[in-house]
């Protein structure tokens, strides 16, 4: 399985020689230090894949736990060394149908809708972070349309234009843009248009930094704005799978690209009701060492089983508390909050264990030998997140 969006075909809907050197050791040491600094700088400002179209100046993401503090953006706009600032909102919108370029319409299964992850922005402010050849398309979003990311368009079978029908309105699709320009969201629209769909939850700020400003200086200025108990998150390009807050996880569009797309509807409380046909085709019960019977997406079961077989082989089985498994496939909203998007448990690609000792938000008590092994098998750990979730692991890539 590949992890990059667009690397798979569209899924069907529903379903060295050593030797001596006379070079002085001091010079070798300097070279090594410079190389290390170079790699560190590349990790912060460089990227193997483009982010925001490779902006002309370094960019930082800034967010706070629980809810985004508006004074964070206000402080950034007043601070020396920071240029453009824009607030990004996102959420899930549910479509009943969509129309492609040629006018063909596709309907969701009867009684269900398709969840789309939507990015909401001030088009004029956001365009400051976008390459010149895409700026006007973003500015035009103020007129009420929407654009799709390349992966989002592929999932809909749309090449350039079309429409998306929500319960509240039908929104015209005015174009398709590279995934990196919209942080791998499926859809981008103006905040005003998104608010009409009930999507108005601020999530993070993008900050354009002047070259002479250090990340540490920016962090110090922003931390002065924090309220008691609030946690500041900062991220530079190249530091996560997707350039947005949260953990090092895949976006909803990338997950759909790999594991397929389901139709569903809101259930009671935090629950989501997923089309039973999709569940039957894409998930299964399986026996996994130490965990017992689990229900997960079919594609991760061999990976999950292999990881826990190695845990047993390495003599680490006693670190996994039997009977303390929190589940895998569990259709629900993230953190029980519809504004936070869909939990990746809804695809059956995340799993929780040692639950009682690793409550959400607490200091993780997961043995790091288990973490290292599971990360090598391609799962990312929630214990690394700004608000830690020590029980939680989920698919990020294929195993090493």
Can you pull out the strands (runs of 3 or more DSSP E) entirely within region 164-265 that have at least 2 residues that are at pLDDT 95 or above?
170-177, 187-190, 202-209
All but one of (1) assigned to a loop (DSSP other than H, G, I, E, B); (2) crowded, with 16+ Cβ neighbours inside 10 Å hold for residue 269, so report the exception by its number.
(2)
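The values are calculated or read from the model by the stated rules, or taken from the named source; none is laboratory data. Keep in mind the model is a prediction, meaning the values are calculated, not measured. Here the Cβ is made from the backbone with ideal geometry for all residues, glycine too, and neighbour counts use every protein chain on show.
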